[in-house]
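Heads up: the structure comes next, in structure tokens.
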Amino acid sequence: MKQSKVEFFRKYGILLVLVAMWVILLCVSPTFRTVNNAVNILRQVSVNGILAIAMTFVIMTGGIDLTVGSLVAVAGVIGGSIIVANPGNWILGIAAALIVCALFGAMNGFFVAFLDVPAFVATLAGQTIARGFAYVYSDGKPYTMASKTFSAIGKGMTPIIIFLIIFVLCHILLSMTKFGRYIYATGGNSKAAAASGIRVRQVLMKVYVMAGLLSGIAGIVLAARTNSGQPAVGTGFETDAIAAAVIGGTSMTGGIGTIPGTLVGILIIGTLNNGLNLLNVSSYWQQIIKGIIILGAVCFDISSKKLSK
């Protein structure tokens, strides 16, 4: 009985937290009850949600990716520069941005997978390099885009649709494909995975490239929403991405996690931000509360593992 309760709360505890947050905010805030506010929450979490999915894949291999926020800026300035020069070339701008971000992901993957550099160190350096690249490329100036077609990517329901498509595809990839099983195996025990014939280095490389590509998509969506590619944007985005993944049940030690869990995690972050703003809670207190929630999620993960043994 005790074991079943632990398993139940491990699987559904975070979802119950999200429902409880919704119930409380529905009672105390009339604005929270509106459809417009619900759409606004989904639109706000779309960018960080894509980053959180990218982070989930990386953390599940036992790593971390601190470059995701900087790559949002890289995608914005690369795409922005091309679109500003020729508004009709918005497809080229998007393609160039995604390729550059994927290359940054490949750089991270190379150092982690083939040179055995700790993921934290490799991606911390990558974060600084990517941010510096964004500033050097743009000369520290934003690109203001006038392409209405490109701007449509960030308007209305489009960011939400893009996020949901990525959510479905990544969920299928992780839960229903051989590559997904390889990710679980690599994160669970990389030596055992290698001994069983899994090419662990290639799995790690692909995961970091994927993280770079998804970060680029998030950067494009944000640039389209703001009509601007800015080198300073994305600072701290990696914090919310890590928080959403961990709150959603992804284990920092690797091998455990789901994309639906990360969806719940990012909805908790988005609901928390939205609810605290509606209740006029200071942004300083919001940071403290968010940190406590992250710490609580990690402690819950550790304690539930101990109880399940």
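The values are calculated or read from the model by the stated rules, or taken from the named source; none is laboratory data. Remember, predicted model here, so these are calculated numbers, not experimental data. Quick reminder, even Gly has a Cβ in these numbers, built from the backbone with ideal geometry, and neighbours come from all protein chains shown.
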The listed residue being part of a loop (DSSP other than H, G, I, E, B), in contact (Cβ under 8 Å) with a residue 40 or more places away in the chain, touching a Leu at 6+ places or on another chain (Cβ under 8 Å) and buried (at least 22 other Cβ atoms within 10 Å of the Cβ), out of 249, 212, 234, 216:
234
Looking for something touching a residue at least 24 places away in the same chain (Cβ under 8 Å), crowded, with 16+ Cβ neighbours inside 10 Å, under 15 Å from the mean Cα position of the chain (by Cα) and over 23 Å from residue 252 (Cβ atoms) - is there at least one such residue anywhere in region 62-69?
no
Every residue from region 75-103 that is of a type in the set (Gly, Ala, Ser) and over 25 Å from the mean Cα position of the chain (by Cα)
85, 88
On the given criteria, is residue 54 of a type outside the set (Ser, Thr, Tyr) and free of Cβ contacts under 8 Å to residues at least 12 places away in the same chain?
no
Pairing a residue in region 130-141 that is closer than 14 Å to residue 100 by Cβ with any residue that is among the aromatic types (Phe, Trp, Tyr) and surrounded by 20 or more Cβ atoms within 10 Å (Cβ to Cβ), where Cβ atoms lie under 6 Å and the two sit 6 or more apart in sequence or on different chains, gives 130/104
Quick one: how many residues across region 61-98 are in contact with a Cys (Cβ under 6 Å, 6 or more places away or on another chain) and at pLDDT below 95?
0
Against the condition at pLDDT 95 or above, crowded, with 24+ Cβ neighbours inside 10 Å, in contact with a helix residue (DSSP H, G or I) (Cβ under 6 Å, 6 or more places away or on another chain) and within 27 Å of residue 186 (Cα to Cα), how does residue 105 come out, does it pass?
yes
Assigned to a helix (DSSP H, G or I), among the polar types (S, T, N, Q) and surrounded by 15 or more Cβ atoms within 10 Å (Cβ to Cβ) - does that describe any residue in region 2-20?
no
What is the residue count in region 110-149 for residues that are of a type in the set (Lys, Arg) and in a helix (DSSP H, G or I)?
2
Just the residues that are more than 13 Å from residue 60 (Cβ to Cβ) and either aromatic (Phe, Trp, Tyr) or out of contact with any Phe, Trp or Tyr (no Cβ under 8 Å at 6 or more places or on another chain) (or both), please, taken from region 201-214.
202, 209, 213, 214
Identify, from the list 78, 129, the residue that is within 15 Å of residue 212 (Cα to Cα), of a type in the set (A, V, I, L, M, F, W, C) and surrounded by fewer than 21 Cβ atoms within 10 Å (Cβ to Cβ).
129
Every residue from region 252-270 that is more than 15 Å from residue 175 (Cβ to Cβ) and either surrounded by fewer than 21 Cβ atoms within 10 Å (Cβ to Cβ) or in contact with a Gly (Cβ under 7 Å, 6 or more places away or on another chain) (or both)
252, 253, 254, 264, 265, 266
Hey, can you tell me all the residues within region 25-36 that are touching a helix residue (DSSP H, G or I) at 6+ places or on another chain (Cβ under 8 Å) and either exposed (fewer than 15 other Cβ atoms within 10 Å of the Cβ) or over 14 Å from residue 272 (Cβ atoms) (or both)?
26, 31, 33
